[in-house]
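One structure below.
The values are calculated or read from the model by the stated rules, or taken from the named source; none is laboratory data. No experiment lies behind these values; they were computed from the predicted model shown. Using ideal geometry, Cβ is built from the backbone for each residue, glycine included, and neighbour counts are taken over all protein chains shown. Protein only, heavy atoms only, side chains kept; ligands, DNA and RNA dropped before computing areas. Shrake-Rupley method; radii C 1.70, N 1.55, O 1.52, S 1.80 Å.
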Amino acid sequence: MECLATFDTTHMALFFEKACRAEGLSVKIVPVPRQISASCGLACSYPCDELEHIKNIVGDKEIEVAEYHELAS
């Protein structure tokens with residue numbers, strides 16, 4: 001299972017990656033898969049089991065995530 005966060009702006013994708021990495025999470029910017037659309041074309045992959053931690057970071061840092069996705073591998 002792969003988990004992705006999508007964003008409406010490139011700035012938010014970069015901010016998300018930086019904030020999560022600062023917390024020691026393995027987060028990586030990736031292109032948005034074809035089955036998902038996002039206006040900026042970037043997503044961030046993250047460990048699925050860290051979703052609650054990520055949501056706390058997003059709330060604390062006021063990062064705007066368009067959607068969270070779980071994709072079958």
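Numbers for the structure displayed
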quantity	calculated
Complete set of residues in the stretch 10-59 that are touching a strand residue (DSSP E or B) at 6+ places or on another chain (Cβ under 9 Å) and among the β-branched types (Val, Ile, Thr)	Thr10, Val27, Ile29, Val30, Val32, Ile36, Ile54, Val58
Failed item, numbered, when Cys48 is tested on (1) in contact (Cβ under 8 Å) with a residue 40 or more places away in the chain; (2) touching a helix residue (DSSP H, G or I) at 6+ places or on another chain (Cβ under 9 Å); (3) surrounded by 13 or more Cβ atoms within 10 Å (Cβ to Cβ)	(2)
Leading residue by the ranking (farthest from Asp8 (Cα to Cα)) among those in the stretch 51-66 that are open to solvent by 70 Å² or more (accessible area, probe 1.4 Å) and in a helix (DSSP H, G or I)	Glu52
Enumeration of residues in the stretch 1-29 that are of a type in the set (Val, Ile, Thr) and surrounded by 14 or more Cβ atoms within 10 Å (Cβ to Cβ)	Thr6, Thr9, Val27, Ile29
